[in-house]
Amino acid sequence: MEKIQSPFSNAAELALAARHEIIKMTSVAKASHVASALSVVDILSTLYAGSADISPSKLGDPDRDIVILSKGHSASALYSVLALQGFFPIEWLADYCKNDAPLGGHVTFKGVPGVELSTGSLGHGLPYGLGIAMSRKKSGVSGRVFVVLSDGECDEGTVWESALLAQQYSLDNLIVIIDRNRLQSLTSTENTVALEPFADKWSAFNWDVLTVDGHSHDNLRKALVKSKRPLCVIADTVKGKGVSFMENTI
């Protein structure tokens, strides 16, 4: 019998359990992007442990909060958190990346409860989230839209086009959280396409901007409050966090 996990209310406990699941499922599948999943899992755990108003019982609620993991290569982190929070049976994790299994190597919407958008082609999550936030503003729907980006993803022009539109339409229901682990592909973000001064760029687009420790659940929770403008939370993280030989390595 497949098991539906009892949900965690504590983000730290959820993140620790998710890290164990990430390592297990990616090891069995011989899959990649493990370190990227470990850098973002504290962000996702904070969202799904209460900062975002979303649960398995609210999936059909039009007022629910929306969470989009735009850095879809970190699918194992999202799948682990969703399974641990009871969105689907935890046994599904054992079949990660297998042929005909529901959980693909990048975030997959089809047949996976709790996933709002298939992602992996970087730069698409924020435009999609922007559209939802605009629609909700026009129709009076109250839920917020959280979009989790990688820092390297911010090389994409669609991110900045969306940032312009968000402030133009005063989308105070749109929150971007950036997994700022400072590494992408084969080198650092600053050697690839320099992002700094990163916070100043978002501020120049008339967003409220906060920079926090991306592994502090308390700091993340305090940052993810309602704002009068679009909100960008730059979460400083460590790639491979929690596994010593993976930390801060390409």
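Checking L186 against (1) surrounded by 17 or more Cβ atoms within 10 Å (Cβ to Cβ); (2) over 16 Å from V41 (Cβ atoms); (3) in contact with a helix residue (DSSP H, G or I) (Cβ under 9 Å, 6 or more places away or on another chain), only one condition comes out false. Which one?
All conditions are met except number (1).
What number goes with the only condition from (1) closer than 20 Å to P7 by Cβ; (2) without any contact (Cβ under 8 Å) to a residue 40 or more places away in the chain; (3) open to solvent by 10 Å² or more (accessible area, probe 1.4 Å) that V112 does not pass?
Of (1) closer than 20 Å to P7 by Cβ; (2) without any contact (Cβ under 8 Å) to a residue 40 or more places away in the chain; (3) open to solvent by 10 Å² or more (accessible area, probe 1.4 Å), only one is false for V112: (3).
Take the conditions under 15 Å from I178 (Cα atoms), among the acidic types (D, E) and either in a loop (DSSP other than H, G, I, E, B) or touching a His at 6+ places or on another chain (Cβ under 9 Å) (or both) and apply them to D100. Does it pass?
no
Please enumerate the residues belonging to the stretch 215-240 that are of a type in the set (K, R) and either more than 16 Å from V40 (Cβ to Cβ) or open to solvent by 30 Å² or more (accessible area, probe 1.4 Å) (or both).
Listed by number, the residues that qualify are R221, K222, K226, K228, R229.
Pull up the stretch 47-60, narrow it to residues that are out of contact with any strand residue (DSSP E or B) (no Cβ under 9 Å at 6 or more places or on another chain) and touching a residue at least 40 places away in the same chain (Cβ under 8 Å), then point me to the one that is surrounded by the most Cβ atoms within 10 Å (Cβ to Cβ).
Residue satisfying both the conditions and the ranking: A49.
From the list V212, V141, V243, exactly one residue is part of a strand (DSSP E or B), surrounded by 14 or more Cβ atoms within 10 Å (Cβ to Cβ) and in contact (Cβ under 8 Å) with a residue 12 or more places away in the chain. Which is it?
V212
Let's see how each residue does on (1) over 15 Å from I234 (Cα atoms); (2) of a type in the set (V, I, T); (3) in a strand (DSSP E or B):
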{"site": "T158", "(1), (2), (3)": "yes, yes, no"}
{"site": "A163", "(1), (2), (3)": "no, no, no"}
{"site": "D179", "(1), (2), (3)": "no, no, yes"}
{"site": "E196", "(1), (2), (3)": "no, no, no"}
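If I go through the stretch 154-179 residue by residue, how many of them are charged (D, E, K, R) and surrounded by 24 or more Cβ atoms within 10 Å (Cβ to Cβ)?
Residues in the stretch 154-179 being charged (D, E, K, R) and surrounded by 24 or more Cβ atoms within 10 Å (Cβ to Cβ): 1 in total.
Can you report the number of residues in the stretch 86-106 which are open to solvent by 10 Å² or more (accessible area, probe 1.4 Å) and either touching an Asp or Glu at 6+ places or on another chain (Cβ under 7 Å) or under 28 Å from S139 (Cβ atoms) (or both)?
Matching residues across the stretch 86-106 total 4.
Residues being among the charged types (D, E, K, R) and open to solvent by 10 Å² or more (accessible area, probe 1.4 Å): count how many of those fall in the stretch 66-85.
The number of residues fulfilling the criteria is 0.
Report yes if T119 is in a helix (DSSP H, G or I), of a type in the set (V, I, T) and modelled with pLDDT of 95 or more, otherwise no.
Spelling it out, it is not the case that T119 is in a helix (DSSP H, G or I), of a type in the set (V, I, T) and modelled with pLDDT of 95 or more.
Name every residue in the stretch 28-56 that is more than 15 Å from the chain's Cα centre (by Cα) and modelled with pLDDT of 95 or more, in order of residue number.
Scanning the stretch 28-56 gives S55, P56.
Show the residue pairs meeting these rules: Cβ distance below 6 Å; 6+ apart or different chains; first residue within the stretch 67-84 and free of Cβ contacts under 8 Å to residues at least 12 places away in the same chain and more than 23 Å from D155 (Cα to Cα); second residue of a type in the set (D, E) and crowded, with 24+ Cβ neighbours inside 10 Å.
As it stands, the answer is none, since no pair meets every condition given.
The values are calculated or read from the model by the stated rules, or taken from the named source; none is laboratory data. Quantities reported herein were computed from a predicted structural model and do not represent experimental measurements. Neighbour counts are summed over all protein chains in view; Cβ atoms, including those assigned to glycine, are modelled from backbone coordinates with ideal geometry. We work out accessible area using only protein heavy atoms, side chains counted, and drop any ligands, DNA or RNA first. Shrake-Rupley method; radii C 1.70, N 1.55, O 1.52, S 1.80 Å.
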